[in-house]
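Where a number appears in this text, it was derived from the coordinates with a stated rule and is not lab data. Everything numeric here is computed off the predicted structure, so don't read it as measured data. Here the Cβ positions follow ideal geometry from the backbone for every residue, glycine too, while neighbour counts run over all protein chains shown.
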């Protein structure tokens, strides 16, 4: 860890008066903060603004939402914990880190949840609402005492803060103010620019009466003043300005705005967590670009509307999550068969079935590639960062059109709700979809005029003279004439598949992170890139010979993998999906269920790829991956 | 004269083609002889000719089933998709390209069973699409299974002791959906009535639901035998705003003067089971049309880039 642990361990203290001059400065390259409250108390808003201001001031930032499963779970219970983790750094931050170094908790029960999730570093500073300790209700006082007993194991440094008492000096309802008070405290501790925060608060409440923003600002200033007067420390995470204009947004916002930049104009969707926030945002802005969000009657219809729209015009897209993907399967197969361009975004959550609606998992890889009956070749891509969420929408549309195919974009709940700054994209004309070409086709031109080498063909669009044909999900020939004979079906399958081989030839081989030879290669995909690379850095600091490789294309896969794998004694994947522990009862080499990418890589390369996967419902931590690397080193970690 | 309007290109092409029946014909229909689908195909092709719809500006979308082979037999663009799911595809086409003439052709299992959700909701969206439901009361292509409109007692391969529950009433069901704007019924034994009904549906601005009563010569051969033999079992709904076929009124002397604007009476007529009623049950041309409700002004690439940069400004750090 790069963080210094200067603070004294496990000490309950009433915040004492402290003047700025006497404050201890904790100077670190990075720090991880959590803000947790009961659902509905606004810890998320507090955390988001803290992340935003940190990004604007030039710190690296990665945020992760802490989301309860229900909208309004019972207050003062561990499952009610709602909030945000914000990891800030001097340099770019690529993942949510290991444990938190500072937590602001609105009650001891939500804190307990974080403690039980192993989310807090030993010695973590905890700013906790003190009202529960001396509450009139005897049960609450007892709950406090029991929680403190349990929390003692963490050797945390507690600072009791009379949040409610303070907030009541400014507002009548402290439930609607503590978050801004806490934001003020954090602003003081981390020396955040109050003017930027005020601007962000005014923007946040721009649709409400001006008094709302002003009373929030009063609370912010109160918290700031209180921390200044009562806390004896400050945290300094030096800023190295990135030097290029940056934007900061979450992955769902990046997908939505990326769709606009890609020239997409129709999104058909059905509400599903965690994809909906992208549709919410798109619904807000899309019409000003001439675009439409159609909320269909179900997931199936959403795919159907997108297929119909793509058939008749510019490529349309749909956005969903695992259960929705399952329902769209039939239409995906139809789009493959009719060679209708289509972009689908799957914001993966935990599965199978309804699974973990708000939590991250990378469990849809194999079902995305193989989820249809028959052979349904399609493109599957996975962005690894917020920036790639933005950029991949343009890539997806262009591939869908050039190859007349389905392109699936697999993001996940970690990318969807996490916030990270990235260089501001230069939106160009070339990204935008060209107007439809409705000029007449040559007489007799066939709707599947497959080039025998590439399988590519020119799409016919309604409105084009001489282009009339009936697209069909039945086996068909070049003229879209239904045919069940062996030659027709085999040729159709071959031509649709060939396009994938052609696309694969246009991709560049991926570059390993670290040396091109070594003892161990860790292969990942999607949102785990930052955590894997941080773990690799730390392992290399320990002297281990390890590199990593991150894949963006999963179908077809980027070229050269077998050759790259040949440079290492051992290859393993790290994924957020289920695999059997090889030492579990009954599990053998023959029946072991493996990580989804591992399964693919083994089949594709015949290399004995091992895997370390977990399904905790939260992003992987670099510390966990580091331990896995040590455990998987071919000659042991001491090699 | 056909106006080839292409709003996307912002130009309109003058066209002096005159298209005959044969210009709308494609593959020879491979339905069984005696199947009602043939009569519907002929009526539709007659409409295309009379209205001189440009084949390249016309799209037939279908589901799966015997009736869903329809687009293959019409010289136009077609999309022969999934069982039950013609309507979402048709809606996508219409939303994206409102200037196209869009027809959806479905069977009874297609529309009323596996596609029931889409049927209800597309009725509510009210896009300007002509939806034709060819209802022969049975699954034909999969060889004789009970459909939602199979009469109670009808024997099939899945209910060999006869259909257990009463048939669905697709007319009443559609009338019950908010924003239903055109609901009509005709039969395969009265070709002129099919034509006039589909013509009225085509001219209605909104979602036109046309149920065509027909038999399956293989599995429900007797379904409307009595209707064909005994004119007394039929009642025509007639009105200037509905469908009127003068010659037919000589044969079918049971007529009722029904104003299609009268939804309450439409319900009453749809619920009566003493006679088979043919005609327009309901029509309301004033219900907002989905693709118009959702229409947004198109933006040039330059305009889009300018707005996008403003949007990115709000995320600038």
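The residue of region A:435-478 that is farthest from the chain's Cα centre (by Cα), among those that are facing chain B (nearest Cβ under 7 Å) and part of a strand (DSSP E or B), is A:470. Note on region A:31-78: residues that are more than 19 Å from the chain's Cα centre (by Cα), surrounded by fewer than 21 Cβ atoms within 10 Å (Cβ to Cβ) and touching a residue at least 60 places away in the same chain (Cβ under 8 Å) amount to 5.
If you check residue A:297 against the conditions, is it part of a loop (DSSP other than H, G, I, E, B) and facing another protein chain (nearest Cβ under 7 Å)? Here the answer is yes, as residue A:297 does meet what is asked.
Checking the stated criteria, residue A:421 turns out to be in a strand (DSSP E or B), within 26 Å of residue A:383 (Cβ to Cβ), touching a residue at least 24 places away in the same chain (Cβ under 8 Å) and facing another protein chain (nearest Cβ under 9 Å).
Results for (1) in contact (Cβ under 8 Å) with a residue 12 or more places away in the chain; (2) surrounded by 13 or more Cβ atoms within 10 Å (Cβ to Cβ), shown as yes or no for each residue.
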{"site": "A:139", "(1), (2)": "no, no"}
{"site": "A:168", "(1), (2)": "no, yes"}
{"site": "A:180", "(1), (2)": "yes, yes"}
{"site": "A:209", "(1), (2)": "no, no"}
{"site": "A:241", "(1), (2)": "yes, no"}
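Is it the case that some residue within region A:522-537 is within 14 Å of chain B (Cβ to nearest Cβ) and either more than 24 Å from residue A:304 (Cα to Cα) or touching a strand residue (DSSP E or B) at 6+ places or on another chain (Cβ under 9 Å) (or both)? Scanning region A:522-537, I find no residue that is within 14 Å of chain B (Cβ to nearest Cβ) and either more than 24 Å from residue A:304 (Cα to Cα) or touching a strand residue (DSSP E or B) at 6+ places or on another chain (Cβ under 9 Å) (or both), so the answer is no.
Applying the criterion of being under 20 Å from the mean Cα position of the chain (by Cα) and in a loop (DSSP other than H, G, I, E, B) to the residues of region B:261-284, the residue that is farthest from residue A:421 (Cα to Cα) is B:261. A residue that is assigned to a helix (DSSP H, G or I) and either surrounded by fewer than 24 Cβ atoms within 10 Å (Cβ to Cβ) or more than 13 Å from chain A (Cβ to nearest Cβ) (or both) cannot be found anywhere in region B:74-88. Of the residues in region B:285-295, none is within 9 Å of another protein chain (Cβ to nearest Cβ), farther than 30 Å from residue B:128 by Cα and outside any strand (DSSP E or B). In region B:160-230, counting only helices (runs of 4 or more DSSP H) that sit wholly within it, the ones holding 2 or more residues that are in contact (Cβ under 8 Å) with a residue 24 or more places away in the chain and buried (at least 19 other Cβ atoms within 10 Å of the Cβ) span B:170-175, B:191-203.
Name every residue in region B:298-317 that is more than 7 Å from every other protein chain (Cβ to nearest Cβ) and either at positive phi or outside any helix (DSSP H, G or I) (or both), in order of residue number. Even if it seems obvious, please write down each step before you answer.
At the first step, the residues of region B:298-317 found to be more than 7 Å from every other protein chain (Cβ to nearest Cβ) are B:300, B:302-303, B:306, B:310, B:313-314.
Hits for region B:298-317 are B:300, B:314.
Could you tell me whether region A:569-580 includes any residue that is assigned to a helix (DSSP H, G or I), in contact with a strand residue (DSSP E or B) (Cβ under 7 Å, 6 or more places away or on another chain) and either at negative phi or crowded, with 24+ Cβ neighbours inside 10 Å (or both)? No, region A:569-580 has no match at all.
Suppose the filter is outside any helix (DSSP H, G or I) and either more than 8 Å from every other protein chain (Cβ to nearest Cβ) or touching a strand residue (DSSP E or B) at 6+ places or on another chain (Cβ under 8 Å) (or both); does residue A:264 pass it?
yes
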